[in-house]
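Chemist: Take this structure, written in structure tokens, and hold onto it; I'll ask about it next.
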Amino acid sequence: MSGYQPVPLPSGAGATSRDDLVAGLTGWARSRPLRDLVAAFGAELPDRLAPAKLLGWLDDFSARHWDFRSRNGAVERDEVVETALDPAVAELVRSAAGALGLAGPRPVPGRRYDHLLVLGGLARSCLQRTAYAARLVDTGAVEAGEIAALGSFRPLRPAELHRLHVPADRHRMRLDGGYEVDAMDLGIRAAFGCPTAVEQRRSAGGIDHRSWSVAVYRPPGRPVVRVLAAPSTEPATRRAHTSDTYHFWAAELGPSAGDRVLVLTSQIYVPFQHCDAIRTLTLGYGCQVDTVGLDPAALSGYGPAEPLGADRYLQEIRSAIRSIGNLLSVLG
């Protein structure tokens, strides 16, 4: 099935009312593409549930049908063994994913931002996202007061390092360490041409879920760039996740109410990371948040784009459902 109209994500504008934000969240959750996906897996989206209960229903449903990471033993996203779907269902999934904001690069909504936040991920993505951030700034597509690359001390795996391509014209750059934040740091040094940090701070002792670090670069003719590794807010049970990196950046920088923030990630993660940014930065600090995905076609030298199976889109639609549920729980 094709021809869906794009489903707007909830607004990250600081002046958005609670009712309008709830309407945006439930509009996404009740949209025709998501309704058709639920039907393709044998159920009907319940119309009469209140927003919080609807998201709870979708959470339970997506856990049963779309949580491929748990089926594979709670592995990393790139370790999931692809699940083959019926071709007609796979086509529906890709069409719905595009309408729901998980596919196809979208233009940056504005030009002037106080902060550009580049989110971490797998090692290859760290290099691509930092390179795309530099391209946005260098071409004048985005004017940013400051730039921050947000990561954590998640250990890099051999498979990630195998796919880590540094463009030939930057071959002297190397990875200094074995964590996600090290890949972000390499990406910033390669993309912004700033080999040496002017400031470095980090937590004492060995690396664990409580560890953090901050590095500051001042590339000539460009905004100040920071590379941050965030600690987990629940270090006894898990490593840092996206919301933790937002919290750590905000605690470090102290953004002002009304600051415009552009979040840069990969398109498949835009819906869930945008909703996390609204919950953390808009509701917590009054920031105005836009979230965009990089355009892989605009980059060269980082290896070919890796195809995404329909199961990957379903997994991240589930992530968006959970993020929307978390945001609704804060709104009350």
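Coordinate-derived values only; no laboratory data. Keep in mind the model is a prediction, meaning the values are calculated, not measured. In this analysis, Cβ positions are derived from the backbone assuming ideal geometry, glycine residues included, and neighbour counts consider all displayed protein chains.
Chemist: Between residue 41 and residue 84, what length comes free when the chain is fully extended (0.36 nm per residue of separation minus the Cα-Cα distance, one decimal in nm)?
Modeler: Working it through step by step, the gained length comes to 14.1 nm.
Chemist: Can you bin the range 2-136 into rounded, prolate or oblate? Criterion: square roots of the alpha carbon gyration tensor eigenvalues sorted a ≥ b ≥ c, rounded for a/c under 1.5, prolate for a/b above b/c, oblate for the rest.
Modeler: Oblate.
Chemist: Give me the percent relative contact order of the chain, please, defined on Cα pairs under 8 angstrom at least 6 residues apart.
Modeler: It comes to 24 percent, rounded to a whole number.
Chemist: Now for a different question. May I ask for the equivalent-ellipsoid semi-axes of the chain, computed as the square root of five times each C-alpha gyration tensor eigenvalue and listed largest first in whole Å?
Modeler: After diagonalising the Cα gyration tensor, the semi-axes are 32, 22, 19 Å.
Chemist: Of the listed peptides 280-286, 42-48, what is their order by residue-averaged count of other C-beta atoms within 10 Å, with the highest listed first? Please report the intermediate quantities before stating the final value.
Modeler: On the way: 280-286: 20.4, 42-48: 10.7.
Result, highest mean Cβ count within 10 Å first: 280-286, 42-48.
Chemist: Please list, in order along the range 196-208, the HN-Hα scalar couplings obtained from phi with the Karplus expression 6.51 cos²θ - 1.76 cosθ + 1.60 (θ = phi - 60°), rounded to whole Hz, x for Gly and Pro.
Modeler: Using θ = phi - 60°, the values come out as 10, 6, 8, 8, 9, 9, 7, 5, 7, x, x, 7, 8 Hz.
Chemist: Of all beta bridges DSSP finds with both residues in the range 112-305, what is the antiparallel percent, to the nearest 5? Write out the running numbers ahead of the final one.
Modeler: Numbers: 10 of 34 bridges.
About 30 percent, rounded to the nearest 5.
Chemist: Could you give the length gained by full extension between residue 139 and residue 233, i.e. 0.36 nm per residue of separation minus their alpha carbon distance, to one decimal place?
Modeler: Working: separation 94, 0.36 × 94 = 33.84 nm, distance 3.68 nm.
Answer, rounded to one decimal: 30.2 nm.
Chemist: Under 5 Å between amide hydrogens, which residues at least 5 positions from residue 233 or on another chain qualify, with H placed 1.01 Å from N in the peptide plane?
Modeler: Here the answer is 241, since their amide H atoms fall under 5 Å of that of residue 233.
Chemist: Let me ask you something else. Once every DSSP H run of n ≥ 4 in the chain is given -39500 (n - 2.57) and the sum is divided by its residues, what mean residue ellipticity at 222 nm do you get, rounded to the nearest 500 deg cm²/dmol?
Modeler: Value at 222 nm, helices only, nearest 500: -12000 deg cm²/dmol.
Chemist: On full extension of the chain, what length is gained from residue 162 through residue 52, given 0.36 nm per residue of separation minus the C-alpha to C-alpha distance? Numbers along the way, then the final one.
Modeler: Details: separation 110, 0.36 × 110 = 39.60 nm, distance 4.23 nm.
Stretched out fully, the residue 162 to residue 52 stretch lengthens by 35.4 nm.
Chemist: Quick check: the distance between the Cα centres of the range 183-231 and the range 95-164, to the nearest angstrom?
Modeler: Between the Cα centres of the range 183-231 and the range 95-164 lies a distance of 16 Å.
Chemist: Also, I was wondering about something else. With each pseudo-label sitting 7 Å past Cα toward Cβ, what's the residue 63-residue 203 distance in nm, one decimal?
Modeler: 2.8 nm
Chemist: Give me the percent of DSSP beta bridges within the chain that run antiparallel, rounded to the nearest 5.
Modeler: Antiparallel bridges make up about 30 percent of those DSSP assigns within the chain.
Chemist: Roughly how large, in nm² to one decimal, is the mean projection of the convex hull of the alpha-carbon atoms in the range 112-305?
Modeler: Details: hull surface 42.3 nm².
Projected over every direction and averaged, the Cα hull of the range 112-305 covers 10.6 nm².
Chemist: Let me ask you something else. I'd like the FRET efficiency for residue 146 and residue 306, computed as 1/(1 + (r/R0)^6) with the beta carbon distance as r and R0 of 25 Å, rounded to 0.05. Numbers along the way, then the final one.
Modeler: Numbers: r = 31 Å, r/R0 = 1.23.
The pair residue 146/residue 306 has a calculated efficiency of 0.20.
Chemist: Another question, then. Mind putting a number on the dipole of the chain about its Cα centre? Charges go on the C-beta only, +1 for Lys and Arg and -1 for Asp and Glu, and I need it in Debye to the nearest 20.
Modeler: On the way: 37 positive and 36 negative charges, 69 e Å.
Here the chain has a charge dipole of around 340 debye.
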